[in-house]
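Report on the structure given below.
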Amino acid sequence: MEMQNDFVVVVRNLVKQYPGIKAVDDLSFDIHQGEIFGMVGPNGAGKTTTIECLEGLRLPDLGTIQVLGLDPLKDRYRLRERIGVQFQSANLPDRIKVWEALDLFASFYQHPADWRLLLDQMGLGDKRDAYFSKLSGGQKQRVFIALSLVNNPDLAFLDELTTGLDPQARRAMWDEIRSIRERGTTVFLTTHFMEEAERLCDRVAIIDHGKIVALDTPPNLIDSLGVENRVIFEVDEHINEKSLHTVPGVVRIERIGERVVVYGQKDGLVSGVVNALEIEGIHFENLRTEQPTLEDVFLALTGKEMRD
């Protein structure tokens, strides 16, 4: 299998089975140089198994893989000099200092980065002498990113990076991931947060039960499925739903208690709904709109909500 110049990862017909389960089921995809590539799906979908096969940590049952033109198993030692890995479950000794961890990991590689500069880039310069146990959750995650970049990798694997972080720390982590790409490193990101993939990734593979059910840019995934826009408002009285159904583009209407959701796909949906309510003399409150998201795409493709 020849790797095209623009591809840093080429996967063809990857299969990995465990007793009673096919964790990865005939996956094929490519990752372009310089992109943030996301693999999203619920826990147990096969994301971590896939990434571990690419890193050379698991032996596939079938299929072929090339990472930076190398075989992850046959060329594992050469490959480890060129990839950075941030594991889903990772930890460090409580009493190790931040600088000690970076210095130790840098010693594993032939051509390491300047870990002092890396600490500053990760916003950890003032935590250099802090014990790992004294760091916040977001700071610990930034340490793990720094450790994954200490060898100046061409490709970084980030597996469920923001799980367990609060919303503020998660968004700060997104900025760090963008900066990694800006410094020339291709990023392979796995996550079960759809918003994370939509905000960060150039292309996204949606995986469920070991299969890729869609792969494209986030906007194309959303547009291609024709997922409806939503107009949401509250009323405390009966409404004539027939009048709302006459609004151009309205697909369906749901009412739960005082909350009404109007689904539609046509420009002018909001003004049409408001006009229909005003004609009927209906008093409404808290009107807002929601645009379709990757989570809507996932629901349309798999028929179930994301699982934590």
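The values are calculated or read from the model by the stated rules, or taken from the named source; none is laboratory data. Just so you know, these numbers come straight off a predicted model, no measurement behind them. Quick reminder, even Gly has a Cβ in these numbers, built from the backbone with ideal geometry, and neighbours come from all protein chains shown.
Quick look at the values:
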item	result
Condition broken by SER136, with the remaining ones in (1) surrounded by 19 or more Cβ atoms within 10 Å (Cβ to Cβ); (2) out of contact with any strand residue (DSSP E or B) (no Cβ under 9 Å at 6 or more places or on another chain); (3) not aliphatic (A, V, I, L, M) satisfied	(1)
Listing of strands (runs of 3 or more DSSP E) fully contained in segment 1-62 that carry 1 or more residues being touching a Cys at 6+ places or on another chain (Cβ under 6 Å) and among the hydrophobic types (A, V, I, L, M, F, W, C)	36-40
Filter result for the condition that a residue is touching a residue at least 24 places away in the same chain (Cβ under 8 Å), more than 18 Å from THR190 (Cβ to Cβ), surrounded by fewer than 20 Cβ atoms within 10 Å (Cβ to Cβ) and not basic (Lys, Arg), over GLY20, GLY34	GLY34
Subset of segment 192-212 that is closer than 11 Å to GLY38 by Cα and β-branched (Val, Ile, Thr) - its residue that is surrounded by the most Cβ atoms within 10 Å (Cβ to Cβ)	VAL204
Residue satisfying all of: in segment 139-181; aromatic (Phe, Trp, Tyr) and over 25 Å from VAL10 (Cα atoms); surrounded by the fewest Cβ atoms within 10 Å (Cβ to Cβ) among these	TRP174
Top-ranked residue of segment 90-127 - restricted to ones that are surrounded by fewer than 18 Cβ atoms within 10 Å (Cβ to Cβ) and more than 26 Å from ARG80 (Cβ to Cβ), ranked as farthest from the chain's Cα centre (by Cα)	ARG95
Candidates LEU221, LEU294, LEU301, LEU215 - the one that is surrounded by fewer than 16 Cβ atoms within 10 Å (Cβ to Cβ), in contact (Cβ under 8 Å) with a residue 24 or more places away in the chain and under 26 Å from the mean Cα position of the chain (by Cα)	LEU301
Those helices (runs of 4 or more DSSP H) lying entirely in segment 230-308 with at least 1 residues under 29 Å from VAL40 (Cα atoms)	294-302
Of the criteria (1) under 21 Å from PHE188 (Cβ atoms); (2) assigned to a loop (DSSP other than H, G, I, E, B); (3) among the charged types (D, E, K, R), which one ASP129 fails	(1)
Residue under evaluation ALA197, criteria (1) over 21 Å from PRO42 (Cα atoms); (2) assigned to a helix (DSSP H, G or I); (3) modelled with pLDDT of 85 or more, criterion not met	(1)
